[in-house]
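Written out below as structure tokens is the structure these notes cover.
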Amino acid sequence: MHSSYQPLKPATNKLLKKRWDGAAQDTHRKKVVGAKPVVDTKSPATYTHLQYKMKKMQVEEERHAIIDRDNRHLLEKMSAIMRTRGRVDNWNDYQPKSFNTFNTTI
């Protein structure tokens, strides 16, 4: 290689061209050193109306309300049984009927 400066583009004054190319190279190196990343590595924005399923929460709340109501109803029945000593009213007060007998009562 030649020891003298060889510009890429032709110039009338090689000394000024060398100085200008050096200044351009210095600014380029400063820009390369101070470059910041362009790729966005942050997580995407989360929207609350997509994160929380409001309809699912409403259905679940209604289901819990029905269960609570049924539990309260059963508790009232159990307390009534406890208050009345739990008597059972399933007496069979009917006459057994049979097709094998002729109008006889047993």
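The fraction of all Cα pairs in the chain landing in successive 10 Å bins from 0 to the largest distance is 9, 12, 10, 9, 9, 8, 7, 7, 6, 6, 5, 5, 4, 3, 0, given as whole percents.
Under the convention that each Lys and Arg Cβ holds +1 and each Asp and Glu Cβ holds -1, the size of the dipole of the chain around its Cα centre is about 1300 debye.
Counting charges near residue 23 (Lys, Arg +1; Asp, Glu -1) among other residues having Cβ under 14 Å from its Cβ returns a value of +4. For the chain, the longest principal axis of the Cα atoms and the long axis of helix 54-83 meet at an angle of about 30 degrees.
In the elastic network of the chain, a GNM with C-alpha springs shorter than 10 Å, the most mobile of 68, 26, 40 is 26.
When the charge dipole of segment 23-94 is built from unit charges on Cβ atoms (+1 for Lys and Arg, -1 for Asp and Glu) and taken about the Cα centre, the candidate among 66, 79, 49 whose Cα reaches farthest toward its positive end is 49. In nanometres, what is the gap between the two model label sites at residue 58 and residue 97, each 7 Å from Cα along Cα-to-Cβ? A separation of 5.4 nm, rounded to one decimal place. With respect to the chain, whose longest principal axis is taken over its alpha-carbon atoms, helix 14-33 is tilted by about 20°.
Quick note: the coordinates plus some simple rules give every number you see, no bench work behind them. Since the model is a prediction, treat every value here as computed from it, not as a measurement. Positions of Cβ are backbone-derived with ideal geometry, glycine not excepted, and every protein chain shown enters the neighbour counts.
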